[in-house]
Amino acid sequence: MKKEDILTIGSTVFLKGNSKPVMIIGRAMLAQIDNHQYYFDYMGCLYPEGIIDEESLYFQASEIAKVMHEADAYEGEDVLKDAIMEVYETNKNIRYTPKKQQVKEEW
């Protein structure tokens, strides 16, 4: 992933194999799943529904099929992207997805 490719919080995307849009609510996420630590490029929720039943979706940039809307960046975004790149580089050794997640079409 390159710094200029990092999407901003609030951007909305379609993931490969899913027809429901997802809004990005987190970046450079380290998640503990089944006693293992995983790195994900993004965390998202259904759009326009938002977080339902405290469920969120972790995914990699490579899983994005299409960007529906790229949210505006604020003035400190460049500094934040530098920090994200540092997390990305530091965690390359754990950078994998435990299993393919599917977006729930209905709740």
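The values are calculated or read from the model by the stated rules, or taken from the named source; none is laboratory data. As the structure is a computational prediction, the values presented were derived from the model and not from experiment. Every residue, glycine among them, receives a Cβ derived from its backbone with ideal geometry; neighbour counts consider all protein chains shown.
Out of the residues in region 64-73 that are out of contact with any Phe, Trp or Tyr (no Cβ under 7 Å at 6 or more places or on another chain) and farther than 24 Å from Thr90 by Cβ, which is modelled with the lowest pLDDT? Here the residue is Asp72.
Checking Ala73 against (1) more than 14 Å from Glu4 (Cα to Cα); (2) in a loop (DSSP other than H, G, I, E, B); (3) among the aliphatic types (A, V, I, L, M): exactly one of these is not met. Which one? In the conditions (1) more than 14 Å from Glu4 (Cα to Cα); (2) in a loop (DSSP other than H, G, I, E, B); (3) among the aliphatic types (A, V, I, L, M), Ala73 misses (1) alone. Within region 10-63, the set of residues being among the small types (Gly, Ala, Ser), in a strand (DSSP E or B) and at pLDDT below 90 comprises Ala28, Ala31. If you go through region 18-39 and keep only what is under 12 Å from the mean Cα position of the chain (by Cα) and among the hydroxyl-bearing types (Ser, Thr, Tyr), you end up with just Tyr39. Residue pairs whose Cβ atoms lie under 6 Å apart, separated by 6 or more positions or on different chains, with the first residue in region 1-30 and without any contact (Cβ under 8 Å) to a residue 40 or more places away in the chain and over 12 Å from Lys66 (Cβ atoms) and the second of a type outside the set (Lys, Arg) and exposed (fewer than 15 other Cβ atoms within 10 Å of the Cβ), do not occur.
Taking every residue in region 76-99 that is under 13 Å from Lys2 (Cβ atoms) and β-branched (Val, Ile, Thr) and pairing it with any residue that is at pLDDT 80 or above and outside any helix (DSSP H, G or I), at least 6 positions away or on another chain, the pairs with Cβ-Cβ distances below 8 Å are Ile84/Ile6; Ile84/Arg27; Ile84/Ala28.
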